[in-house]
1. What is the residue count in segment 26-73 for residues that are basic (Lys, Arg) and in a loop (DSSP other than H, G, I, E, B)?
2. Going residue by residue through segment 225-239, is there one that turns out to be at pLDDT 90 or above, of a type in the set (Gly, Ala, Ser) and surrounded by fewer than 22 Cβ atoms within 10 Å (Cβ to Cβ)?
3. Can you name the number of the only condition in (1) at pLDDT 95 or above; (2) in contact with a helix residue (DSSP H, G or I) (Cβ under 6 Å, 6 or more places away or on another chain); (3) over 28 Å from Leu201 (Cβ atoms) that Thr43 fails?
4. Considering segment 147-168 alone, what residues qualify as being small (Gly, Ala, Ser), buried (at least 21 other Cβ atoms within 10 Å of the Cβ) and touching a Leu at 6+ places or on another chain (Cβ under 9 Å)?
5. Can you pull out the residues in segment 106-138 that are part of a loop (DSSP other than H, G, I, E, B), surrounded by fewer than 14 Cβ atoms within 10 Å (Cβ to Cβ) and either within 17 Å of the chain's Cα centre (by Cα) or modelled with pLDDT under 95 (or both)?
6. Within segment 9-29, count every residue that is buried (at least 24 other Cβ atoms within 10 Å of the Cβ) and either in contact with a Phe, Trp or Tyr (Cβ under 9 Å, 6 or more places away or on another chain) or free of Cβ contacts under 8 Å to residues at least 60 places away in the same chain (or both).
7. Do you know which residues across segment 169-180 are surrounded by fewer than 22 Cβ atoms within 10 Å (Cβ to Cβ) and either touching a strand residue (DSSP E or B) at 6+ places or on another chain (Cβ under 7 Å) or in contact (Cβ under 8 Å) with a residue 40 or more places away in the chain (or both)?
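The values are calculated or read from the model by the stated rules, or taken from the named source; none is laboratory data. Keep in mind that what you see is a predicted model, and the values were worked out from it rather than measured. Ideal geometry is used to build each Cβ from the backbone, glycine not excepted, and the neighbour counts take in all protein chains shown.
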Amino acid sequence: MGSFFDFAVVCQSLSQTHSRLQIAALAADFLARLSPAEAAIATRFMVGRALEQGGEPRLNVSGRAVWKIAAELGGGEDQGEDIFTAAADFGEAIELVMRLRRGEPEPALTLIEVSRAFEEIAAREGRGARRRKLEGLRELFARMTALEAKYAAKVLIGEMRHGMSEGLMLEALARMAGRPVGEVRRMHMLEGDVGRLAQSLRQPPHVAARVGGASASDAPGNIGGAGAEPARPADTAAGAAAGAEAPAAAQSI
């Protein structure tokens with residue numbers, strides 16, 4: 001089973017890498033070790049998407065809510081200013097406050113379990129939805145190591161800050177599947193969701209070939225080809241914790 005802790009370790013390695021080739025290779029090698037369903041989740045998470053694209057419910061969980069839960073678990077409610085000063089970004093602030101716990105659980109969560117938890121939290125609607133969403137999030141974070149919490153928080157606010165853009169992920173998927181980059185890009189245009197694309201590419205060749213009707217006759221793309229270095233904008237940890245508008249599925253509570 002694909003471990004969420006292993007996913008967090010790979011993301012940590014990506015954040016310490018500045019080469020497009022190395023970023024694509026690290027991601028491709030990790031995804032190639034997963035089942036098709038796990039590869040879909042990891043791909044989505046790696047580009048900062050907590051949920052599948054296409055009419056999905058919204059998580060409606062803000063950075064402020066994530067910080068409050070982590071601070072309560074770590075007992076660091078009164079250390080926020082010092083922690084955000086020391087942290088490079090919001091995810092690192094979550095990691096630092098979670099390390100204040102007296103003990104840390106053993107890494108046991110799988111990618112599928114974390115994905116299912118996000119889906120269940122998103123599905124909580126109606127009377128008392130806010131409280132029930134936060135209870136679900138607290139239960140999930142209580143089971144996480146500090147490193148896992150760091151990257152779960154990053155996925156939730158949609159800001160990974162490790163250099164893996166969606167475009168570079170398509171190059172990683174091409175490398176994983178041994179397919180031309182141009183073909184994978186066309187498949188993505190037809191499929192839409194990068195996770196579903198990853199899942200199809202991890203299927204047996206005769207199954208993956210049906211997705212998008214892409215031709216395998218294109219000339220192979222160059223993973224290290226022309227293109228700007230993936231942006232690594234300066235993160236503002238305190239801004240994320242204040243519930244700044246997130247670009248993906250997380251906002252508002």
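1. First, the residues of segment 26-73 that are basic (Lys, Arg): 33, 44, 49, 58, 64, 68.
Checking which are in a loop (DSSP other than H, G, I, E, B) leaves us with 33, 49, 58.
Going through segment 26-73 one residue at a time, the tally reaches 3.
2. At the first step, the residues of segment 225-239 found to be at pLDDT 90 or above are none.
Within segment 225-239, none of the residues are at pLDDT 90 or above, of a type in the set (Gly, Ala, Ser) and surrounded by fewer than 22 Cβ atoms within 10 Å (Cβ to Cβ).
3. (3)
4. Within segment 147-168, the subset small (Gly, Ala, Ser) is 149, 152-153, 158, 163, 165, 167.
With buried (at least 21 other Cβ atoms within 10 Å of the Cβ) added as a condition, the list becomes 149, 152-153.
Matches in segment 147-168: Ala149, Ala152.
5. Glu125, Gly126, Arg127, Gly128
6. Count: 1.
7. Scanning segment 169-180 gives Arg175, Pro180.
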